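Working notes for the structure below.
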Amino acid sequence: MNAETPALPVLPAALEGLITAIEWPQLAPLVAEINRLKIERDAVILAHNYMRPEIFHCVADITGDSLALAQKAVETTASVIVMAGVHFMAETAKVLNPDKVVLMPDLQAGCSLAEAITADDVRRLKAEHPGLPVVVYVNTSAEVKAEADVCCTSGNAVQVVESICAEWGVDRCLLLPDRYLAENIAAQTRYGIISFPGACEVHELYTPEDIADIRDSFGDDLVVIAHPECPRPVVEAADFAGSTAQMIDFIRDQSPARVLLVTECSMGENLMASAPQTEFIRACNMCPHMKRITLEKIRDSLLTLEPQITVDPAIACKARLSVDRMLACGRNTPIAPEPEAR
């Protein structure tokens, strides 16, 4: 190595169980180049909790769930935002930062929930249910958000539903498009929920039988934590249910010895690095869209400043209203109570 060649980053000790010594020599140059390009481009990388560990831990500047990324997108002073997530997240970042460059390393990184509903669907439902507020999950396109009264995430859906129903003086609302989230929120509030038949292709695969089988294998000390995009029987079979941020808070606060995360695979991998006291049972489903985002694609995006996300200003203006109303609501109310000692 000559004096002008910068030293490559060393594999963080916390990642030694997740990234092998064979993989790291291929990843380290990309990590170094991305971190250099971030400085040159005045860029910040926002990474969802489902990103691969080498992205989440080695190049991301801001990590979190959909709500946290939306909140931080508003606060960033960087000129360029790189969304290490899926398309609707990049759109949300652009809606909140119309004057910034927002990069999506792979435009094919979509979301089954976002693709389940269109703006026309929302307009039709509004006509069928006049006088009721429309709450849409943040996992939707900007066009759908523009037709909504307010957005929500799995972390603040209860607060959003209760806040807008009280504000409008009604006893029910539409909560779109995730039917399972709607069922789980309906169980937590006195307000009625009108749903739509959308679903996350990862979370709807889980069954209560899966949980029962794993409990049989690992014993009574296993704590099962489910995402509220899972079917209601799965959430009922779990010890705790909440957004990815709430999962992180639960593990940090409760320090369970052994956990099954009923969500996307990388969630557990990323938590293994920050919660070494907990054993994570690897029985999960993988999101093919999240896994489209790689170090190579992030590097290329920073090099070319492409692909850039654009949102029609008229749509962005309306969508921002629904997102801003969401950000004004509280967060971090679990979908199910914390488990008692088993």
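The values are calculated or read from the model by the stated rules, or taken from the named source; none is laboratory data. This is a predicted model, so every value here is computed, not measured. These accessible areas exclude ligands, DNA and RNA; they are computed on the full protein's heavy atoms, side chains included. Shrake-Rupley method; radii C 1.70, N 1.55, O 1.52, S 1.80 Å.
List the residues whose amide H sits under 5 Å from the amide H of R172, counting only those 5 or more places along or on another chain, with H placed 1.01 Å from N in the peptide plane.
Close amide H contacts, sequence-distant or interchain: G192.
Return the sequence-ordered ³J(HN,Hα) values of the stretch 124-131 in whole Hz as given by the Karplus equation 6.51 cos²θ - 1.76 cosθ + 1.60 applied to θ = phi - 60°, using x for Gly and Pro.
Karplus values, whole Hz, x for Gly and Pro: 5, 5, 5, 5, 6, 10, x, x.
Give me the accessible area of C200, 1.4 Å probe, in Å² rounded to the nearest 10.
20 Å²
To the nearest 10 Å², what's V101's accessible area with a 1.4 Å probe?
40 Å²
Rolling a 1.4 angstrom probe over the protein heavy atoms, how many square angstrom per residue are accessible across the stretch 289-333?
On a per-residue basis, 51 Å².
Can you list residues whose amide H is under 5 Å from C152's amide H, if they're 5+ apart or on another chain and H is modeled 1.01 Å from N?
V136, Y137, V138
Would you list, by chain and number, the lysines whose Cα falls below 26 Å from the Cα of K72, excluding same-chain residues fewer than 8 positions away?
Correct list for K72: K38, K94, K100, K145, K291, K297, K318.
May I ask you to give the percent of accessible area on the stretch 148-296 that is carbon plus sulfur, with a probe radius of 1.4 Å?
Values: 2610 of 5520 Å².
Exposed carbon and sulfur together represent 47 percent of the surface.
What list of ³J(HN,Hα) values in whole Hz, one per residue of the stretch 197-202 in order, does the Karplus curve 6.51 cos²θ - 1.76 cosθ + 1.60 (θ = phi - 60°) give from phi, with Gly and Pro shown as x?
Per-residue couplings from phi come out as x, x, 7, 7, 5, 7 Hz.
Please turn the phi angles of the stretch 30-43 into ³J(HN,Hα) values with the Karplus equation 6.51 cos²θ - 1.76 cosθ + 1.60 (θ = phi - 60°), one per residue in order, whole Hz, x for glycine and proline.
Values, residue by residue: 5, 4, 5, 5, 4, 5, 6, 5, 4, 5, 4, 8, 6, 10 Hz.
With every protein chain present, what is the per residue accessible area of the stretch 1-90 (1.4 Å probe, Å²)?
For the stretch 1-90, the per-residue accessible area is 45 Å².
Over the stretch 104-203, average the accessible area per residue using a 1.4 Å probe and give it in Å², no decimals. Intermediate values should be presented prior to the final figure.
On the way: 3480 Å² over 100 residues.
Ligands and nucleic acids excluded, the figure is 35 Å² per residue.
With a ≥ b ≥ c taken as the square roots of the eigenvalues of the C-alpha gyration tensor of the chain, please select rounded if a/c is under 1.5 and otherwise prolate if a/b is larger than b/c or oblate if it is not?
Verdict is oblate for the chain.
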